[in-house]
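Have a look at the structure below, then the notes.
The values are calculated or read from the model by the stated rules, or taken from the named source; none is laboratory data. On a predicted model such as this, the values are computed, not experimentally measured, just so you know. All Cβ positions, glycine included, derive from the backbone under ideal geometry; neighbour counts span all protein chains shown. All accessible areas refer to the heavy atoms of the entire protein, side chains included, with ligands and DNA or RNA removed. Shrake-Rupley method; radii C 1.70, N 1.55, O 1.52, S 1.80 Å.
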Amino acid sequence: MTRRNLSCALAAILFALVCLGEAGAKPVKLTLWSGYPDLQGFYETVAKEFTAQNPDIAVEVQTFALADLDKKLGMSIPSNTSADILELISLYSFPWAQKYFAEVPADLKKSSLAAINKAYLHDVLYGDRMMGLPFCFYSEVLYY
């Protein structure tokens, strides 16, 4: 993942966390789950910087092997015990996403749509419902 992609991801995560953090003034603990253990350090750095700027919001980062995360999500989402923030490959990989996930708030959706390439939305849209924010932008095919 390039530094630019990481910067875009950081911006999206921070913006989402800020929107969540505006809900109230009492301390909040959010949990982030990722299927990419190699991003643990990145997420911890982002979480630490975010908490420094927003002391009432703590973010716990947990990463798992991707196959383990898939199993964990299959049990935790229907029972409402999953993390607050999930890094997923695509909403379409998880048939229960449309039933259990909340739609992105209108203000966050509007600002996200104004800032990103619409081609990156294919994994986060169900019809006109935006169920997540694009995180990782990559090339599926690279010719040399």
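Rounded to the nearest Hz, the phi-derived 3J(HN,Hα) couplings of the stretch 108-115 under the Karplus curve 6.51 cos²θ - 1.76 cosθ + 1.60 (θ = phi - 60°) are 5, 4, 4, 5, 5, 5, 6, 9, where x marks glycine and proline. Taking all protein chains as shown and a probe of 1.4 angstrom, Leu125 keeps an accessible surface of around 50 Å².
For the stretch 35-89, what is the accessible area per residue in Å² when the probe is 1.4 Å?
In whole numbers, the stretch 35-89 has 57 Å² accessible per residue.
The distance between label points at Tyr126 and Ala114 comes to 2.7 nm (points 7 Å beyond Cα on the Cα→Cβ vector).
Less than 15 Å Cβ to Cβ from Gly35, Lys/Arg counted +1 and Asp/Glu -1: what total charge do the surrounding residues give?
With Lys, Arg at +1 and Asp, Glu at -1, the net is -3.
Less than 5 angstrom separates the built amide H of Val28 from those of Ile57, Ala58, all sequence-distant by 5 or more or on a different chain.
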